[in-house]
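This report refers to the structure that appears directly beneath it.
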Amino acid sequence: MSGVYESTASDGRRKWDRDEYERLAQERLKELQDSSDSDDDVKIPVKRELLKPRDYKVDLDSKLGKSQVITKTTPASQQGGYYCNVCDCVVKDSINFLDHINGKKHQRNLGMSMKIERSSLDQVKARFEMNKKKKEDKKKEYDFEERVKELQEEEEKQKAYKKEKRKDRKRKADTSTFDEDADPDMSALMGFSGFGSSKK
């Protein structure tokens, strides 16, 4: 490496040999090109899917309130916490588990990028129409259910009213038979008007 720089006695500063450095750089570039041509493991950029909503419900409360014995030989999927089978990891609480499955690493392992598909004007209009129809259907359904509830309440009120009328008739019939059999002066003296029963 003595040929890389030269020193002169006149000013005492190093003078770099530019031709030597140029030759070394060219050799290094040639080696890199040769190695990249011979390697079959050239990394091709992976085209990932755009981010899309989940089509399943995340199970967070199936193990809630349950105790479990964990030993050294217990597999990771059965240890305490929430197990992610895509990333093969265990997360200890539900908030961190939700953060994990919504995170970049998990989505990348699923083969998705964190980019969202851009909606067109027609898609937005179609979504508005769908939501409007859902709202109207829900309103109709609610009105029907409300009517059924009102009819049931009305029937219950009528049944209760008829039951009360029967009881009133029965009471009147019982008191009239008691009044016929007993002396009204005696019953007034004793302080009661009837026992409520027609049996003797």
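The values are calculated or read from the model by the stated rules, or taken from the named source; none is laboratory data. Not measured: the values here are computed from a predicted model. Reconstructed Cβ throughout: ideal geometry from the backbone, glycine too, with neighbour counts over all protein chains shown. Accessible surface is based on the protein model in full, side chains and every heavy atom, while ligands, DNA and RNA are left aside. Shrake-Rupley method; radii C 1.70, N 1.55, O 1.52, S 1.80 Å.
What the table shows:
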item: Every pair of residues 6+ apart whose Cβ atoms lie under 8 Å, when the first sits in region 78-103 and is over 21 Å from residue 53 (Cβ atoms) while the second is among the hydrophobic types (A, V, I, L, M, F, W, C) and open to solvent by 60 Å² or more (accessible area, probe 1.4 Å); result: 78/70; 79/70; 80/70
item: Tally of residues being open to solvent by 60 Å² or more (accessible area, probe 1.4 Å) and in a strand (DSSP E or B) across region 89-131; result: 3
item: Residue in region 35-69 that is modelled with the highest pLDDT, counting only those that are open to solvent by 90 Å² or more (accessible area, probe 1.4 Å) and not in a loop (DSSP other than H, G, I, E, B); result: 49
item: Tally, over region 76-88, of residues that are part of a loop (DSSP other than H, G, I, E, B) and touching a strand residue (DSSP E or B) at 6+ places or on another chain (Cβ under 9 Å); result: 3
item: Residue 77, sole failed condition from (1) touching a Phe, Trp or Tyr at 6+ places or on another chain (Cβ under 9 Å); (2) at pLDDT below 90; (3) open to solvent by less than 40 Å² (accessible area, probe 1.4 Å); (4) not charged (D, E, K, R); result: (3)
